[in-house]
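**Student:** Take this structure first; my questions come after.
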Amino acid sequence: MEPFYRSIIGVARTLFFAQGLKFTISGSEHVPARGGAVIAINHTGYMDFTYAGIPARDVKRYVRFMAKKEVFDNKISGPMMRTMKHIPVDRAAGADSYHAAVEALRSGELIGVFPEATISRSFEIKEFKSGAARMAIEAGVPIIPLVIWGSQRVWTKGYPKRLGRTNTPISMAVGEPIAPVEPAEALSATLHSTMESMLHALQESYDHPAGEYWVPARLGGGAPTLEDANRMDAEEAQAKAARRAAGGA
């Protein structure tokens, strides 16, 4: 029993109800009832981690998410994140968070990971980092693919948040477990193709008005293509590096 985590979920569900969010979830039976597993999630919006834990509650389990260290440094969110046993990711010392996740997996936890590392501006699935695959292989646990669609309409990179009553539909699908077969690069590629196919299937039953900012270019929307989004990300990373260099000079 985890009363604090459970109470936070209760608060979140109340907020979701107040927002009028309409969840459609399929495949939650693929979340293992016991034992460790990597939950690999696509990333289109800032609220993804609050939605991605919902399917696990169908089997009465909690997901420990890997989140950037800054969230843990905050005086309010930090103690909450630590109480819920989430794992801080310090990009300057990534090995520590990786080993902590592997140990948690070995002890039977569900670890939530965003293999894209950052929000996809195109809302297509970006190239994956290999961490999710490597953790699964080292811990000897399966990867459970989970795709979310619609969260980018609530709050995403470059657009105002819409946290009022929007009645936004949020669709989620959980896929069958993927065995942790080496090498990590091949496993990561399998995970990527699986999640891409799952996302396309999920989108088939979702209404996509032409030209909307949250609709992928592939579906007639106003979002940038994956190639353009990657260029934007690279330019942003270069600008951040330049600011850091200037600040340290």
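**Student:** Do you know the relative contact order of the chain, to the nearest whole percent, from alpha carbon pairs under 8 angstrom that are 6+ apart?
**Tutor:** That works out to 24 percent.
**Student:** Given the Cα-Cα distance of E176 and E70 and 0.36 nm per residue of separation, how much length would full extension add, in nm?
**Tutor:** Gain in length upon complete extension: 34.9 nm.
**Student:** Taking the solvent-accessible surface of protein heavy atoms with a 1.4 Å probe, what is the per residue accessible area of segment 145-249 in Å²?
**Tutor:** 54
**Student:** Hydropathy first: keep DSSP H helices in the chain averaging at least 0.5 on Kyte-Doolittle, then drop any whose Cα extent along the axis falls short of 15 Å, and list what survives.
**Tutor:** Answer set is 3-19.
**Student:** Let me ask something additional. Test of understanding: what is the full-extension gain from R165 to T83, defined as 0.36 nm times their sequence separation minus their Cα-Cα distance?
**Tutor:** Working it through step by step, the gained length comes to 26.6 nm.
**Student:** Take the solvent-accessible surface of the protein heavy atoms, probe 1.4 Å, and return the percent of it on segment 163-216 that carbon and sulfur atoms account for.
**Tutor:** 52
**Student:** So how far, in whole Å, is the C-alpha centre of segment 88-161 from the one of segment 60-87?
**Tutor:** So the two Cα centres are separated by 14 Å.
**Student:** What residues of segment 29-71 lie in the reach of a label at A100, counting those whose backbone N is under 20 Å from a point 7 Å from the Cα along Cα→Cβ?
**Tutor:** In segment 29-71, the label zone of A100 (backbone N under 20 Å from the point 7 Å along Cα→Cβ) covers 36-41, 49-50, 53, 62-71.
**Student:** Please list, in order, the residues from segment 107-151 whose amide nitrogen is less than 16 Å from a point placed 7 Å along the Cα→Cβ vector of T190.
**Tutor:** So the set is 130-146.
**Student:** Explain nothing, just the number: dipole magnitude of the chain about its Cα centre with +1 on each Lys and Arg Cβ and -1 on each Asp and Glu Cβ, in debye rounded to the nearest 20.
**Tutor:** 1040
**Student:** Ignoring ligands, DNA and RNA, what percent of the accessible area of segment 55-147 is carbon or sulfur (1.4 Å)?
**Tutor:** The nonpolar share, carbon plus sulfur, comes to 53 percent.
The values are calculated or read from the model by the stated rules, or taken from the named source; none is laboratory data. Keep in mind the model is a prediction, meaning the values are calculated, not measured. Here Cβ is always computed from backbone atoms with ideal geometry, including for glycine, and neighbour counts include all displayed protein chains. Surface accessibility is based on the protein's heavy atoms, side chains included, excluding ligands, DNA and RNA. Shrake-Rupley method; radii C 1.70, N 1.55, O 1.52, S 1.80 Å.
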